[in-house]
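Peer 1: First the structure, which I've put down as structure tokens, then a few questions once you've had a look.
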Amino acid sequence: MKKNKLLSYFLLLSFVTFYISCSQDEECAECHVVSMHDGVEYELLDLGEHCEDALHDLEDGGYMLQETYYLDTDGDSLPSPATPESTNIEVHCIM
């Protein structure tokens, strides 16, 4: 019985250690699409968390809007609508 309990603790500790070490090795970041107007950044869309290659592809390739945005994510009006043709659209990722 004592041997089983000890084995259970060992397996649990191993799993936790493995999980923590693997999750810290990945390069991940929370990303969002912003529109810049007169030096002010307006968040348009939350893209969620991206890791490794997907993160680099998103940062390098940018993001193409599929529709026109009139409000930011807080519900505030934009100075001018953000359209798929807008050139002031950027992807920002925070690690």
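Each value in this text was obtained by applying a stated rule to the coordinates, not by laboratory testing. Keep in mind that this is a model prediction, so the values were computed, not measured. Note that each Cβ is placed from the backbone with ideal geometry, even for glycine, and that neighbours are counted across all protein chains shown.
Peer 1: How big, in percent, is the set of alpha carbon pairs in the stretch 27-94 lying more than 16 Å apart?
Peer 2: 44
Peer 1: Taking other Cβ within 10 Å of each residue's Cβ, how do 70, 42 sort, fewest first?
Peer 2: 70, 42
Peer 1: Using a 10 Å cut-off around each Cβ, can you sort 50, 56 from fewest to most neighbouring Cβ atoms?
Peer 2: Least to most surrounded, the residues fall as 56, 50.
Peer 1: So, in nm, how far is label residue 46 from label residue 28 when the simple model puts each one 7 Å beyond its Cα toward the Cβ?
Peer 2: Going from the residue 46 label point to the residue 28 one covers 1.5 nm.
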